Amino acid sequence: TKNPVYFSDEKEVKEIINKANPTKRIGDINIPELEKKLNQLPAVDSANVYLNLNGNLNLDIKQKVPSFRLNTGGRDFYVDEKGTEFPISKNYSFPCMLVTGNVKPSEYQKLAELVDKIDKDSFSKKYFIGISKEKDSYNLLTSEGNYKVEIGDLDRIDMKVKGFKTFVEKHLVN
C-alpha cells in the first residue's frame, strides 16, 4: 500500500509482550502463544514471532489495509480487500472510500475490487468520492455537481465506469 497503516500501535504490542513475559526473560516467552495473541488483534492481518540467532525477539506484524469504510445499520467499520470487517480505531483514521447503505458481507469483495479500480484510475479517483447502496442498486457519488451515478449491481464495472468517463468528457468538460 502507498499509505502506511497505524491501527495497532507499538504501545499496544509492547503491553501484549510484557503480559506474555512477566519474568522479563526471553527464554520464558511462549512464542506460539504470543504469536496467537498478536494475530487476534482486530487490525492484524498476520503476525510472525521468532527469536533470531542472537537471541533477540523479532516480530513481523502485517496490519490489515482498509479497502473502504462502511456505514450500515448504525455500524461503522473498515473492510479489507479480502472482505474482512475490522473496527475503526480511536487513534487513527485511514483515508479510504466511504460506502453507505445495506451492503451484504457477500458483496464486500466485489465492492473492494470496485474501490481498487477507482483508486487506480486518475479520472475516477478525482470524480468519485463515495458509494451508496439504495435498495439493490449502487451509486457512485461525485465530487463535482452533486451527481449520483447509478451503476446497479457490481457486475461489468469497467464498462460502466468507462461509460461515465465518456459522458463526462463529451458533455460536462468544456
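Quick notes on this structure:
- Only residues that are surrounded by 14 or more Cβ atoms within 10 Å (Cβ to Cβ) and either under 19 Å from Tyr108 (Cβ atoms) or of a type in the set (Asp, Glu) (or both) were counted in segment 144-159, giving 3.
- All positions within segment 79-102 that are surrounded by 15 or more Cβ atoms within 10 Å (Cβ to Cβ) and of a type outside the set (A, V, I, L, M, F, W, C): Asp80, Glu81, Gly83, Thr84, Ser89, Thr100, Gly101
- Matching residues, segment 2-32, being within 24 Å of the chain's Cα centre (by Cα) and outside any helix (DSSP H, G or I): Lys2, Asn3, Pro4, Val5, Tyr6, Phe7, Ser8, Asp9
- Answer from Glu107, Glu134 - the residue that is at pLDDT 90 or above and under 18 Å from Ser67 (Cα atoms): Glu107
- Among the residues of this structure, Asp76 does not count as one that is on the phi < 0 side of the Ramachandran plot and open to solvent by 70 Å² or more (accessible area, probe 1.4 Å).
- Single condition Glu144 does not satisfy, out of (1) over 24 Å from His171 (Cα atoms); (2) more than 15 Å from the chain's Cα centre (by Cα); (3) charged (D, E, K, R): (1)
- You will find that of Asn174, Asn71, the residue that is open to solvent by 60 Å² or more (accessible area, probe 1.4 Å) and modelled with pLDDT of 95 or more is Asn71 and no other.
- Selection from segment 60-80 of residues that are outside any strand (DSSP E or B) and either within 14 Å of Pro105 (Cβ to Cβ) or aromatic (Phe, Trp, Tyr) (or both): Gly73
- A Cβ distance below 7 Å, combined with a sequence gap of six or more or placement on separate chains, defines the contacts here; from segment 66-85, residues that are without any contact (Cβ under 8 Å) to a residue 12 or more places away in the chain reach residues that are of a type in the set (A, V, I, L, M) in the pairs Phe77/Leu70; Phe77/Ile88.
- Picking from residues in segment 33-56 that are part of a helix (DSSP H, G or I) and in contact (Cβ under 8 Å) with a residue 12 or more places away in the chain, the one that is surrounded by the most Cβ atoms within 10 Å (Cβ to Cβ) is Leu38.
- Of all residues in segment 133-143, none are of a type in the set (Gly, Ala, Ser) and either surrounded by 14 or more Cβ atoms within 10 Å (Cβ to Cβ) or on the phi > 0 side of the Ramachandran plot (or both).
The values are calculated or read from the model by the stated rules, or taken from the named source; none is laboratory data. This structure is a prediction, so every number in the text was calculated from the model and none was measured. Cβ atoms come from the backbone with ideal geometry, glycine included; neighbour counts cover every protein chain shown. Side chains are part of the model used for accessible areas, which takes the heavy atoms of the whole protein and leaves out ligands, DNA and RNA. Shrake-Rupley method; radii C 1.70, N 1.55, O 1.52, S 1.80 Å.
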